[in-house]
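Asker: Structure below; questions to follow.
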Amino acid sequence: MQRIRCLKSIWQLLKSGCEAGNFSPSTSRNYSHGQNPFGLLFDIDGVLVRGTTPIPAAKKCFKNLVDHRGKYKVPVVFVTNAGNCMRETKAEHLSHLLEVEVSPDQVVLSHSPLRMFKQFHDLCVLVSGQGPVEEVAHNLGFQDVVTIDMLREAYPVLDVVDHNRRPKDGIPPTKGLRQIDAVILFGEPIRWETNFQLIVDVLLTRGNPDNLWSSTHYPHIPVLACNMDILWMAEAKNPRFGHGMFLVALESLYKKITGCELKYEALIGKPSVVTYNYAELLVREQAGRLGWTTPVKRLYAIGDNPMADIYGANLYNRYLQASQRNRAQMNAKSGKVGVDSLAETFQDAPLRTQAEKGSTSGAYMAEDDLPEGCSSILVCTGVYSRDQQELPSDPTHTVTEKQIFHGHRDFHFDPSLMQPSFVVHDVKEAVELVFQQEGWPLE
């Protein structure tokens, strides 16, 4: 019940935020050229860019997605598992690369849904990652933030793997810090060994490194992790390690030391459903700015990573279908459906593991119509390549159990969720396909 109350309060907060946006919808859109309104969700790395280099098809694609005034023809949201910056910075970067205006309200970073996890905002949290992690945490609503560098400075003898970073002239005094209540893993750090050591110290001392390690401190203080990608695509010919690799190593270290599994309060970022729920909220807001009066009926998620982008979009599609079935059943019984029933259905879905359930603890539940579905489109310009033959050549054939599972340990593996709705060469072909499917003119 506490979680359901949280969902209801968050939805009210989000609604009030939308109303406070002070946007003025234009006149209602004329749908004569297409049957249903839709929205687009774009991954970034491997779809629009490779590292800092734009994929050529991306610029051409986005020139067709805006009108002569530079306004988007349909709602567009960028959903990335990157999280080492502010969304304002990412929006500015995308605007420069794609040569169209991208606003921060169109960007979902891996950590963006943490805005909705208000039950942690007043706790003292240790944050791990790189870039402006302290600023990011405060921007998300966290009031009391401790970084790895702050912890290392307060306890100078904890970080000793690098001999050059050890204290040189005797043992400096410990400054001490307030007790840490939770750990937030934003993304892969630069010095993995430092973060491994200090995070384990915090977990085994229940947030106070002045204490001795104890295996009795289990379950440990809450851990929330963003971005589960094992691999991602930059300029190199082959994929690079992502934050998911850091999580695998941290889990292994913790279990080797304690004999227990590292537990997560929530796993956030693709493929978690809460990330797509948050993206869908932004699609709604954009539809309102466009003056659309008909709810968005379908989302199309375009990505290059079968485990993150395709699995996540298909998992969200399954959630949408379950919500529709629940709504139909509730309408048949009582004539209405509300936040409580949607939240209960979301939590009781049998395919979800405990970590996946935790990842919905901050999710909002819409009081009105959710989209009818979310289609997944896989492009071949990033992590996935047709040459790898990781997917069947015939798209009507389902991925088998032989597929290597690159998803997170705590996510239920359903091979069918790795099967994309469509496979195309690049993002330009993907957008052309979507407009053709919906019967909308692109140019």
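The values are calculated or read from the model by the stated rules, or taken from the named source; none is laboratory data. Source: prediction; values computed, not measured. With ideal geometry, Cβ positions are generated from the backbone for all residues, glycine too; neighbour counts draw on all protein chains shown. These accessible areas exclude ligands, DNA and RNA; they are computed on the full protein's heavy atoms, side chains included. Shrake-Rupley method; radii C 1.70, N 1.55, O 1.52, S 1.80 Å.
Asker: Here is a check on your reading of the model: is V125 touching a Phe, Trp or Tyr at 6+ places or on another chain (Cβ under 6 Å), open to solvent by less than 10 Å² (accessible area, probe 1.4 Å), modelled with pLDDT of 95 or more and not charged (D, E, K, R)? Full working, then the answer.
Answerer: On the way: touching a Phe, Trp or Tyr at 6+ places or on another chain (Cβ under 6 Å): yes; open to solvent by less than 10 Å² (accessible area, probe 1.4 Å): yes; modelled with pLDDT of 95 or more: yes; not charged (D, E, K, R): yes.
Answer is yes for this residue.
Asker: Out of all the residues in the range 405-428, which are surrounded by fewer than 18 Cβ atoms within 10 Å (Cβ to Cβ) and either touching a Cys at 6+ places or on another chain (Cβ under 6 Å) or part of a helix (DSSP H, G or I) (or both)?
Answerer: P415, S416, H425
Asker: Among the numbered conditions (1) touching a residue at least 24 places away in the same chain (Cβ under 8 Å); (2) more than 22 Å from D43 (Cα to Cα), tell me where S112 comes up short.
Answerer: All conditions pass for S112, except number (2).
Asker: Taking the range 54-111 on its own, how many of its residues are part of a loop (DSSP other than H, G, I, E, B), more than 26 Å from F241 (Cα to Cα) and not hydrophobic (A, V, I, L, M, F, W, C)?
Answerer: Taking the range 54-111 as the starting set, the residues that turn out to be part of a loop (DSSP other than H, G, I, E, B) are 55, 67-71, 73-75, 80-86, 99-103, 109-111.
Right, trim to more than 26 Å from F241 (Cα to Cα) and you get 67-71, 73-75, 99-103.
Next, from what is left, pick out any that are not hydrophobic (A, V, I, L, M, F, W, C): 67-71, 73, 75, 99, 101, 103.
The qualifying residues number 10.
Asker: Of the conditions (1) of a type in the set (A, V, I, L, M); (2) crowded, with 18+ Cβ neighbours inside 10 Å; (3) in contact with a strand residue (DSSP E or B) (Cβ under 6 Å, 6 or more places away or on another chain), A234 clears all except one; give me its number.
Answerer: Answer for A234: the failing condition is (2).
Asker: Oh, and also: Quick one: which of I184, I221, I180, I171 is on the phi < 0 side of the Ramachandran plot, touching a residue at least 60 places away in the same chain (Cβ under 8 Å) and either of a type outside the set (D, E) or touching a helix residue (DSSP H, G or I) at 6+ places or on another chain (Cβ under 7 Å) (or both)? Steps first, please.
Answerer: Values: I221 fails: touching a residue at least 60 places away in the same chain (Cβ under 8 Å); I180 fails: touching a residue at least 60 places away in the same chain (Cβ under 8 Å); I171 fails: touching a residue at least 60 places away in the same chain (Cβ under 8 Å).
Step by step, each of I184, I221, I180, I171 is checked, and only I184 is on the phi < 0 side of the Ramachandran plot, touching a residue at least 60 places away in the same chain (Cβ under 8 Å) and either of a type outside the set (D, E) or touching a helix residue (DSSP H, G or I) at 6+ places or on another chain (Cβ under 7 Å) (or both).
Asker: Would you check which residues across the range 198-210 are open to solvent by 60 Å² or more (accessible area, probe 1.4 Å) and under 33 Å from the mean Cα position of the chain (by Cα) and list them? Explain how you work it out, then say what you get.
Answerer: Pass one, the range 198-210, residues open to solvent by 60 Å² or more (accessible area, probe 1.4 Å): 206, 210.
Result: R206, single match.
Asker: Run down I302, I310 and say which single residue is open to solvent by less than 50 Å² (accessible area, probe 1.4 Å) and either among the basic types (K, R) or in a strand (DSSP E or B) (or both).
Answerer: Numbers: I310 fails: either among the basic types (K, R) or in a strand (DSSP E or B) (or both).
Only one candidate qualifies: I302.
Asker: Another question about this same structure. I'm trying to understand the selection: among the residues of the range 240-269, which are in a loop (DSSP other than H, G, I, E, B) and either open to solvent by 10 Å² or more (accessible area, probe 1.4 Å) or in contact with a strand residue (DSSP E or B) (Cβ under 6 Å, 6 or more places away or on another chain) (or both)? Spell out how you get there, then give the answer.
Answerer: Within the range 240-269, the subset in a loop (DSSP other than H, G, I, E, B) is 242, 259-265, 269.
Those that are in a loop (DSSP other than H, G, I, E, B) and either open to solvent by 10 Å² or more (accessible area, probe 1.4 Å) or in contact with a strand residue (DSSP E or B) (Cβ under 6 Å, 6 or more places away or on another chain) (or both): G242, G259, C260, E261, K263, Y264, E265, G269.
Asker: Further, regarding this structure: If T80 meets every condition in (1) open to solvent by 10 Å² or more (accessible area, probe 1.4 Å); (2) closer than 18 Å to M233 by Cβ; (3) not aliphatic (A, V, I, L, M) apart from one, which number is that one?
Answerer: Against the list (1) open to solvent by 10 Å² or more (accessible area, probe 1.4 Å); (2) closer than 18 Å to M233 by Cβ; (3) not aliphatic (A, V, I, L, M), T80 comes up short only on (1).
Asker: Criterion first (in contact with a Cys (Cβ under 6 Å, 6 or more places away or on another chain) and under 25 Å from S272 (Cα atoms)) does H121 satisfy it? Walk me through how you get there before you give the answer.
Answerer: Working: in contact with a Cys (Cβ under 6 Å, 6 or more places away or on another chain): no; under 25 Å from S272 (Cα atoms): yes.
Considered against the rule, which asks whether it is in contact with a Cys (Cβ under 6 Å, 6 or more places away or on another chain) and under 25 Å from S272 (Cα atoms), H121 comes out as no.
Asker: Checking the structure you have, find out if any residue of the range 211-222 is at pLDDT 95 or above and either open to solvent by less than 30 Å² (accessible area, probe 1.4 Å) or assigned to a helix (DSSP H, G or I) (or both).
Answerer: Looking through the range 211-222, at least one residue is at pLDDT 95 or above and either open to solvent by less than 30 Å² (accessible area, probe 1.4 Å) or assigned to a helix (DSSP H, G or I) (or both).
Asker: What residue, of T194, T275, is among the polar types (S, T, N, Q) and touching a strand residue (DSSP E or B) at 6+ places or on another chain (Cβ under 7 Å)?
Answerer: Numbers: T194 fails: touching a strand residue (DSSP E or B) at 6+ places or on another chain (Cβ under 7 Å).
Exactly one of T194, T275 is among the polar types (S, T, N, Q) and touching a strand residue (DSSP E or B) at 6+ places or on another chain (Cβ under 7 Å), namely T275.
Asker: With the condition kept exactly as written, say whether any residue in the range 275-288 is at pLDDT below 95, in a loop (DSSP other than H, G, I, E, B) and crowded, with 20+ Cβ neighbours inside 10 Å.
Answerer: no
Asker: Run down E99, E88 and say which single residue is over 30 Å from R191 (Cβ atoms), open to solvent by 10 Å² or more (accessible area, probe 1.4 Å) and in contact (Cβ under 8 Å) with a residue 12 or more places away in the chain.
Answerer: One residue alone meets the criteria, E99.
Asker: Working only within the range 133-169, note down all residues that are part of a helix (DSSP H, G or I) and open to solvent by less than 50 Å² (accessible area, probe 1.4 Å). Break it down stepwise before answering.
Answerer: Residues of the range 133-169 part of a helix (DSSP H, G or I): 133-140, 148-154, 163-165.
V133, V136, A137, L140, I148, L151, A154, listed by residue number.
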